[in-house]
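The values are calculated or read from the model by the stated rules, or taken from the named source; none is laboratory data. For clarity, every value in this text was computed on a predicted model and none was experimentally measured. Every residue, glycine as well, gets a Cβ built from its backbone with ideal geometry; the counts of neighbours run over all protein chains shown. Surface accessibility is based on the protein's heavy atoms, side chains included, excluding ligands, DNA and RNA. Shrake-Rupley method; radii C 1.70, N 1.55, O 1.52, S 1.80 Å.
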Amino acid sequence: MKFRHAAAAITAMLVMNVAAAQTAAPAKPASAPAAATTAAKPGANPATDPATPGMPTTETATAAPGADATAAVKPGDATAGQGKAAACGACHGMDGNSTDAQNPRLAGQSEQYIVRQLTDFKAGKRQNPIMMGMAAPLTPQDMHDIGAYFAKQKPLPGVADKALVDQGQTLYREGDTARGIPACMACHGPDGRGNPGAMYPQLTSQHAKYIEATLKSWHDGTAWGDDAHAKIMPSIAQKLDDKDIAALASYIEGLHTNEATDAPATR
């Protein structure tokens, strides 16, 4: 009996010691499992894994080169633009003075206006199969450089048909209030140099054939976009008849400032 009591006492003491040891053992920090998950994993992408300590998240990671092409755009560089504009020369002339009257002259056109048109071609807002293809690979900086190059070129003077000068000049300088037609010079200037800030294009010495085709296209419902700026000319052109368009186009081709007066040259 004494042996049984002694064994029972020893067993009781062992159980108490184990319980005491478990009570005294320090608990694991609650953050330990979370810390383990923050360890960098082989092959992990720190830019997209916000759990990786000390590494950028998707909000602070540096964008890949070219991800935001507009962020680093600078004013156009005409020197750089000369090389980039080489492909434009086939239709518009190397100096922006196209020899084919169906292709517009770009010499002297403002950088801002050229950039807007190239941007709209690239976005498909302005439809022209050739120009959409040419604009597709251009970056915003390319567009500014090309625009800066052509802006520095001199437009060659054109001539107007003497028989159309009076009507063309009246419409260009006075408009026709009875028909709700504003004077062209209100936006494009008395000398046809345009307004770069408002992105109203230069018209001086532009090919009559190109002006006529463009006005007729607007008259028939074509638009170069759906914003307020793009709707200005279609709404005006729809009030012009064929004689108005022919007279204006001819007058604009002869409009230039390298003579003693603003009067257009005639033929």
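Please work out which residue is least open to solvent (accessible area, probe 1.4 Å), limiting yourself to region 151-167 and to residues that are outside any loop (DSSP other than H, G, I, E, B) and within 30 Å of GLY89 (Cβ to Cβ). Spell out the reasoning first.
First, pick out the residues of region 151-167 that are outside any loop (DSSP other than H, G, I, E, B): 151, 160, 162-167.
Next, from what is left, pick out any that are within 30 Å of GLY89 (Cβ to Cβ): 151, 160.
Values: ALA151: 41, ALA160: 0 Å².
Out of the qualifying residues, it is ALA160.
Test PRO201 against the stated conditions and say whether it is crowded, with 21+ Cβ neighbours inside 10 Å and at pLDDT 95 or above. Here the answer is yes, as PRO201 does meet what is asked.
Among the residues of region 85-103, those that are of a type outside the set (Ser, Thr, Tyr) and surrounded by 21 or more Cβ atoms within 10 Å (Cβ to Cβ) comprise ALA85, CYS88, HIS92, GLY96. Kindly indicate whether any position in region 138-150 is open to solvent by less than 50 Å² (accessible area, probe 1.4 Å) and part of a loop (DSSP other than H, G, I, E, B). There is at least one residue in region 138-150 that is open to solvent by less than 50 Å² (accessible area, probe 1.4 Å) and part of a loop (DSSP other than H, G, I, E, B). Out of the residues in region 104-126 meeting the condition of being without any contact (Cβ under 8 Å) to a residue 40 or more places away in the chain and either of a type in the set (A, V, I, L, M, F, W, C) or not in a helix (DSSP H, G or I) (or both), tell me which one is most open to solvent (accessible area, probe 1.4 Å). Within region 104-126, the match that is most open to solvent (accessible area, probe 1.4 Å) is ALA123.
Considering only region 171-179, I want to know if a residue exists there that is surrounded by 15 or more Cβ atoms within 10 Å (Cβ to Cβ), out of contact with any Cys (no Cβ under 8 Å at 6 or more places or on another chain) and not acidic (Asp, Glu). Break it down stepwise before answering.
At the first step, the residues of region 171-179 found to be surrounded by 15 or more Cβ atoms within 10 Å (Cβ to Cβ) are 171-172, 175.
The next check asks that each one be out of contact with any Cys (no Cβ under 8 Å at 6 or more places or on another chain); those that pass are none.
Within region 171-179 (the criterion being surrounded by 15 or more Cβ atoms within 10 Å (Cβ to Cβ), out of contact with any Cys (no Cβ under 8 Å at 6 or more places or on another chain) and not acidic (Asp, Glu)), the answer is no, since none of the residues qualifies.
Quick one: in region 248-265, which of the residues that are assigned to a loop (DSSP other than H, G, I, E, B) and at pLDDT 95 or above is nearest to the chain's Cα centre (by Cα)? Write out each step before concluding.
The first filter runs over region 248-265 and keeps only residues assigned to a loop (DSSP other than H, G, I, E, B), leaving 254-265.
Checking the rest, the ones that are also at pLDDT 95 or above come to 254-255.
On the way: GLY254: 32, LEU255: 30 Å.
Here the answer is LEU255.
Here's the yes/no breakdown for (1) surrounded by 15 or more Cβ atoms within 10 Å (Cβ to Cβ); (2) at pLDDT 95 or above; (3) assigned to a loop (DSSP other than H, G, I, E, B); (4) within 26 Å of the chain's Cα centre (by Cα):
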{"site": "ALA186", "(1), (2), (3), (4)": "no, yes, no, no"}
{"site": "LEU215", "(1), (2), (3), (4)": "yes, yes, no, yes"}
{"site": "TRP218", "(1), (2), (3), (4)": "yes, yes, no, yes"}
{"site": "SER235", "(1), (2), (3), (4)": "no, yes, no, yes"}
